[in-house]
Amino acid sequence: MYANQANTPERAAITVPVLRQRKSAGDKIVSLTCYDASFAAHLESAGVDVVLVGDSLGMVVQGLSSTLPVTLDQMVYHCAAVARGLRSPLLIADMPFMSYRDVPTALATATRLLAEGGAAMVKLEGGEWVTGIVRALAERDVPVCAHIGLTPQSVHKLGGYRVQGKQPADAERLLAEAGALAEAGADLLVLECVPAELASKITNEIAIPTIGIGAGVGCDGQVLVLYDMLGITPGRRPRFSKDFLRGHDSIDAALAAYVNAVRRSEFPGVEHSF
């Protein structure tokens, strides 16, 4: 047990079936990114359901301009650190750029993230082209979180960090991709920077839970980059984020405010959505 968890009450473990039950019951899923054991212990105490070791660490921890240079070794290192600070939340690890370019590479990457990093699920970005990889992982009982909409590893192709799915044809494509990824065996779906109406439609039409970031309050859950949520990311923060530390006197109070706001469907508001 991590030292800071000595006085933290035991919670039942969050598992893939539990997330599906949350969706069925209409109970919101609370998620945040994390990159080290100390913050992980605070997320544990706050009652966060899903912790994501995101390749966003390249930008908010390493000071890079994108997520692309983040390596698998770095992801394994940070994932293992976070795992030491957690007991109950489901731990997801991002598969970094080009680490799932084909099925053999994806299997090798997932093996390291689960066996060495302690993750319980892996996350990969992409639509139709990743369905075969999702299926291969799912067939081997590797839990998978898919990610569509704004996919940061595609920043150069997309021409920047832009809202996706605003045009009818793009919206139909994203809806079809969501269904295909769920059918291929994905257990969770992140929707990033898509119009709130589209995100709600996707959420209602697929059986697996959706986690939104800049996708409106209609998703089954929400995720933010921890440093954005605490207002400590240098420079301009995304429109969809909110500084929960403002008006509170501690990190724990800010985390509690975020958890409560998501559970009560008070965040994101219209001002954080597209």
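The values are calculated or read from the model by the stated rules, or taken from the named source; none is laboratory data. Note that the coordinates shown come from a computational prediction; the quantities given were computed from them, not determined experimentally. Backbone-built Cβ (ideal geometry, glycine too); neighbour counts: all protein chains shown.
Applying the condition of being outside any helix (DSSP H, G or I) and without any contact (Cβ under 8 Å) to a residue 60 or more places away in the chain to region 167-187 and asking which residue is nearest to S241 (Cα to Cα) yields Q167.
On the given criteria, is V163 under 18 Å from the mean Cα position of the chain (by Cα) and within 20 Å of L72 (Cβ to Cβ)? Outline the logic, then answer.
Working: under 18 Å from the mean Cα position of the chain (by Cα): yes; within 20 Å of L72 (Cβ to Cβ): no.
No.
Quick grid of which residues meet (1) farther than 26 Å from V18 by Cα; (2) in contact with a strand residue (DSSP E or B) (Cβ under 8 Å, 6 or more places away or on another chain); (3) at pLDDT below 95:
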{"residue": "L64", "(1), (2), (3)": "yes, no, no"}
{"residue": "G85", "(1), (2), (3)": "no, no, no"}
{"residue": "L90", "(1), (2), (3)": "no, yes, no"}
{"residue": "A106", "(1), (2), (3)": "no, yes, no"}
{"residue": "E116", "(1), (2), (3)": "no, no, no"}
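Remark: I133 falls outside the filter, which requires a residue to be modelled with pLDDT of 95 or more, within 29 Å of R239 (Cβ to Cβ) and either assigned to a strand (DSSP E or B) or more than 16 Å from the chain's Cα centre (by Cα) (or both). Beta carbons closer than 6 Å, at least 6 apart along the sequence or on distinct chains, pair a first residue in region 236-265 that is without any contact (Cβ under 8 Å) to a residue 24 or more places away in the chain with a second that is hydrophobic (A, V, I, L, M, F, W, C) and in a loop (DSSP other than H, G, I, E, B) for L245/L230; A257/F244; A261/F267. Go through the residues of region 27-35 one by one and say whether even a single one is surrounded by fewer than 16 Cβ atoms within 10 Å (Cβ to Cβ), within 29 Å of A207 (Cβ to Cβ) and either among the acidic types (D, E) or without any contact (Cβ under 8 Å) to a residue 40 or more places away in the chain (or both). So far as region 27-35 goes, yes, one or more of its residues are surrounded by fewer than 16 Cβ atoms within 10 Å (Cβ to Cβ), within 29 Å of A207 (Cβ to Cβ) and either among the acidic types (D, E) or without any contact (Cβ under 8 Å) to a residue 40 or more places away in the chain (or both).
Let's see how each residue does on (1) crowded, with 21+ Cβ neighbours inside 10 Å; (2) touching a His at 6+ places or on another chain (Cβ under 9 Å); (3) of a type in the set (F, W, Y):
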position	(1), (2), (3)
L107	no, no, no
M121	yes, no, no
P143	yes, no, no
L158	no, no, no
Y161	no, no, yes
K166	no, no, no
A169	no, no, no
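Taking V48 as the residue in question, decide whether it is without any contact (Cβ under 8 Å) to a residue 60 or more places away in the chain, touching a Leu at 6+ places or on another chain (Cβ under 8 Å) and not small (G, A, S).
Values: without any contact (Cβ under 8 Å) to a residue 60 or more places away in the chain: no; touching a Leu at 6+ places or on another chain (Cβ under 8 Å): yes; not small (G, A, S): yes.
No; evaluated as a whole, the condition is false for this residue.
Taking the conditions (1) closer than 21 Å to S31 by Cβ; (2) touching a residue at least 24 places away in the same chain (Cβ under 8 Å); (3) of a type outside the set (S, T, N, Q) in turn, G58 satisfies each one other than (2). Using the structure shown, decide if V217 is more than 24 Å from V122 (Cβ to Cβ) and of a type in the set (A, V, I, L, M). Considered against the rule, which asks whether it is more than 24 Å from V122 (Cβ to Cβ) and of a type in the set (A, V, I, L, M), V217 comes out as yes.
You will find that of V76, V70, the residue that is crowded, with 24+ Cβ neighbours inside 10 Å, of a type outside the set (D, E, K, R) and out of contact with any strand residue (DSSP E or B) (no Cβ under 7 Å at 6 or more places or on another chain) is V70 and no other.
Annotation for region 139-151: no member residue is part of a helix (DSSP H, G or I) and under 24 Å from K28 (Cα atoms). I'd like the full set of residues that are aromatic (F, W, Y) and closer than 20 Å to G269 by Cβ, limited to region 189-241. The one that is aromatic (F, W, Y) and closer than 20 Å to G269 by Cβ: F240. Residue pairs whose Cβ atoms lie under 9 Å apart, separated by 6 or more positions or on different chains, with the first residue in region 137-163 and at positive phi and the second part of a loop (DSSP other than H, G, I, E, B) and buried (at least 16 other Cβ atoms within 10 Å of the Cβ), are G149/V163; G149/Q164; G149/G165; G149/C193; G149/V194; G149/G214; G149/A215.
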